[in-house]
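Reading through the structure tokens given below for one structure.
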Amino acid sequence: SWGVGGETKTQNFTVGRVKMGPIEHSDFPVSVPESQMMGKPLLGQEFYKGWQYTIDYDNKVIKFLRR
């Protein structure tokens, strides 16, 4: 797949259910890069679609608001 850094080999599969706070998706497509250069997993626009969020660093909380 292609991303900001160029082409990367990925493993693609579907997760039955993904939930983070009030956001929940079923049969959600996931891509995992084979390279270890991706230090931490990311959730992208497709996951957060329809939501905005703010990060409260002092309380270590992510707050979600439906758009």
Under 5 Å between amide H atoms, partner at least 5 residues away or on a different chain: which partners does T10 have, H built in plane at 1.01 Å?
-> E34
Can you tell me the FRET efficiency between K63 and N12 if r is taken as the Cβ-Cβ distance and R0 is 25 Å, rounded to the nearest 0.05?
-> 0.20
Calculate, in nm to one decimal, what F28 and L42 gain on full extension: separation in residues at 0.36 nm each, minus their alpha carbon distance.
-> 3.6 nm
For the chain, what does -39500 (n - 2.57) per DSSP helix run (n ≥ 4), summed and divided by total residues, give at 222 nm, in deg cm²/dmol to the nearest 500?
-> -1000 deg cm²/dmol
Any idea of the accessible area per residue across the chain, 1.4 Å probe, to the nearest Å²?
-> 89 Å²
Using a 1.4 Å probe over the heavy atoms of the protein chains, calculate the carbon and sulfur portion of the accessible area of the chain as a whole percent.
-> 53 percent
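The values are calculated or read from the model by the stated rules, or taken from the named source; none is laboratory data. All figures in this text were calculated on a predicted structure; none of them were measured in a lab. Here the Cβ is made from the backbone with ideal geometry for all residues, glycine too, and neighbour counts use every protein chain on show. These area figures cover heavy atoms from the full protein model, side chains too; ligands, DNA and RNA do not enter into them. Shrake-Rupley method; radii C 1.70, N 1.55, O 1.52, S 1.80 Å.
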